[in-house]
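The values are calculated or read from the model by the stated rules, or taken from the named source; none is laboratory data. Being a predicted model, the structure only gives us computed values, none of them experimental. Here the Cβ positions follow ideal geometry from the backbone for every residue, glycine too, while neighbour counts run over all protein chains shown.
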Amino acid sequence: MSIESVDVIVTSPGRNFVTLKVTTSDGVVGWGDATLNGRELSVASYLSEHLASMLIGRDEDRIEDTWQYLYRGAYWRRGPVTMAAIAAVDMALWDIKAKKAGMPLYQLLGGASRDGVRVYAHASGTDFAALSNAITGYRELGFTAVRVQTGVPGLGQIYGVSSTGPGVRYDYEPAKRSGDRPSEETWDTRQYLNHMPGVFAKIREEFGTDLRILHDGHHRMTPIEAARFAKDVEPYDLFWLEDATPGEDQTALRLIRQHSTTPLAIGEVFNTVYDYQTLITERLIDYVRSAVTHTGGITAMKKLLDFAAIYGIRSGIHGPTDISPVGMAAALHLDLAIHNFGIQEYMPHNEQTLEVFQTSFTFDRGFLHPGDQPGLGVELDEEAAGAFEYTKAYLPVNRLLDGTVHDW
Ligand code: CS2
Ligand code: MG
C-alpha cells in the first residue's frame, strides 16, 4: 500500500484552519492540522507546492522515515511554517496507522496512563467582577483549573480578555479580520505588575486554595520584571506562570528561577526540541507548552516530552481555538498515554467549527478523553468546510504607551 493523494483544505468556520488530507491506495484517510494563526496560507502553500508531490507513492506506514525525509530533506530547518507542515503529515500518517490497526491512537503510544486528561479553561474579565463571574461559571461546569487574564485599569483591550464581554463559553479569537494589516493594542508593564498580584489575592480569598490558577504573561516582561512578578505572586500558588519572557531568550529564565519558586511554562511559539535544550537540561521550566501542530507532530512531540520527563518536566500542551479539533485530538491521545502529563489547555471550539470537524473527544467534570474511535477520532466534512471561505486575519501588534512596538 502507499499514499495515493494529498489534499490541503483551507476553511474558515469562524476562524481560519488549514487541514491536510492524506489518502492511501486502499482508501484509508488520515487528517493533520496545519493551522498557524495569522500565517495560514504559508503552511498551505508549503504543503501543496512542496511536500505533496514528495509524499505520493510513499509507504504510509513508514512514519519515522517520512518525518526524517521531510525534516532533513528540506535542507532549511525548523521554523513555524516548516514544522507545522511536517506536523500535519505526521498526524495524518498516525491517524491512518491507528485506523488500519482498528484502535485509538493512544493505544499505539503505550495505552492509557490515566482515566482522563485534566484541562484548564480560559477565565477572563475586563474587571474583577466579570472575571469572578467567568471563574464561577467554569467551576459550575466542573473545571478544576482556570487560566486567569484580566483587564488592567487604564489600559484598553489587552491580550486574553474578550471584547465581547465575559461568559463561560465565549469565543475569544485573538486573530482579527482587520483587512490588510494587523489591529493594534497598547500595553504598559508597570501598571500590569502593580495590578495583578491583588487580583490573585482576591481570587484566592473568593475561591479558596484548591482551584488551580494559571496565568499567561504572553511574552511581555523583561527578565527582571518577570522575576519580580513571579516573586510577588508566589503566595497565591499559581499552577504556572506562562511565557513570562520572550521564549527565545532561554537563559532569561535563570534570573526568574533565582527569585521565585512559581512554576514556569513556556514554548507555544517553539517548534523543535532545540528551542528547549537549555530550558530542559537546566530545569528552567516546569511545563512544556508546545502544540502538536506547531512542533512537528506526534512523532516529534513524543520525543520532546520523553526528553523533558528525564528532568522532571511535565506536559502543558497548547490548545487554543487556533489549534483545530484534529490538533486537539492529537494532543489528547498523547496526554492520555505519556507518564509526565501536566495539564491540557482547552478552549472549546465554536458551533461552526464543530459543523466542519466531527469530533469524538468528550468532556466530563473538568477532564477530557480522546475517545476510542480508531485513529485520532476526528473527521472533516469537506462539504461543510467548503461553505466557509478563507478570510485573512492577523494577530494584533502590541505597542507600549510611547508607541514602541512590544511583544503581543
Ligand atoms: C495563548 C494563545 O492559549 C494561550 O496560551 O497564548 O491563545 C495564543 O495567544 C494564540 O494561540 C495565538 O494565536
Ligand atoms: Mg499562551
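Side notes on the structure shown:
- Look at (1) in contact with a helix residue (DSSP H, G or I) (Cβ under 6 Å, 6 or more places away or on another chain); (2) surrounded by 21 or more Cβ atoms within 10 Å (Cβ to Cβ) and you find that HIS259 fails only one, number (2).
- The lone exception for ALA385 - which of (1) part of a helix (DSSP H, G or I); (2) within 24 Å of ASP243 (Cβ to Cβ); (3) touching a strand residue (DSSP E or B) at 6+ places or on another chain (Cβ under 6 Å); (4) more than 16 Å from ligand 2 (Cβ to nearest atom) it fails: (2)
- Within the option set GLU248, GLU282, being at pLDDT below 95, exposed (fewer than 15 other Cβ atoms within 10 Å of the Cβ) and among the charged types (D, E, K, R) holds for one residue only, GLU248.
- Annotation: ALA121 fulfils all but one of (1) at positive phi; (2) out of contact with any Ser or Thr (no Cβ under 9 Å at 6 or more places or on another chain); (3) within 16 Å of ligand 2 (Cβ to nearest atom); the unmet one is (1).
- Taking the criterion of being of a type in the set (Phe, Trp, Tyr), under 22 Å from the mean Cα position of the chain (by Cα) and either part of a helix (DSSP H, G or I) or outside the structural domain of ASP306 (by TED's automatic domain parsing) (or both), the residues of segment 94-146 that qualify are TRP94, TYR106, TYR138.
- The criterion of at least 3 residues that are charged (D, E, K, R) is met, among helices (runs of 4 or more DSSP H) falling completely within segment 260-377, by 297-310.
- Identity of the residue in segment 43-79, of a type in the set (Asp, Glu) and surrounded by 14 or more Cβ atoms within 10 Å (Cβ to Cβ), that ends up nearest to ASN16 (Cα to Cα): GLU60
- Residue within segment 99-110 that is more than 18 Å from VAL22 (Cα to Cα), surrounded by fewer than 20 Cβ atoms within 10 Å (Cβ to Cβ) and of a type outside the set (A, V, I, L, M) present: yes
- Inside segment 200-223, residues that are outside any loop (DSSP other than H, G, I, E, B) and within 15 Å of ligand 2 (Cβ to nearest atom) make up a count of 4.
- Criterion: polar (S, T, N, Q) and outside any helix (DSSP H, G or I) - qualifying residue of GLN157, GLN68: GLN157
- Exactly one residue out of SER360, SER315 is of a type in the set (Gly, Ala, Ser) and crowded, with 24+ Cβ neighbours inside 10 Å, and it is SER315.
- Check on THR295, away from ligand 2 (no atom under 15 Å from the Cβ) and either surrounded by fewer than 17 Cβ atoms within 10 Å (Cβ to Cβ) or of a type in the set (Val, Ile, Thr) (or both): no
- Residues of segment 365-391 satisfying the condition of being under 30 Å from TYR159 (Cβ atoms) and surrounded by fewer than 16 Cβ atoms within 10 Å (Cβ to Cβ): ARG365, GLU389, TYR390, THR391
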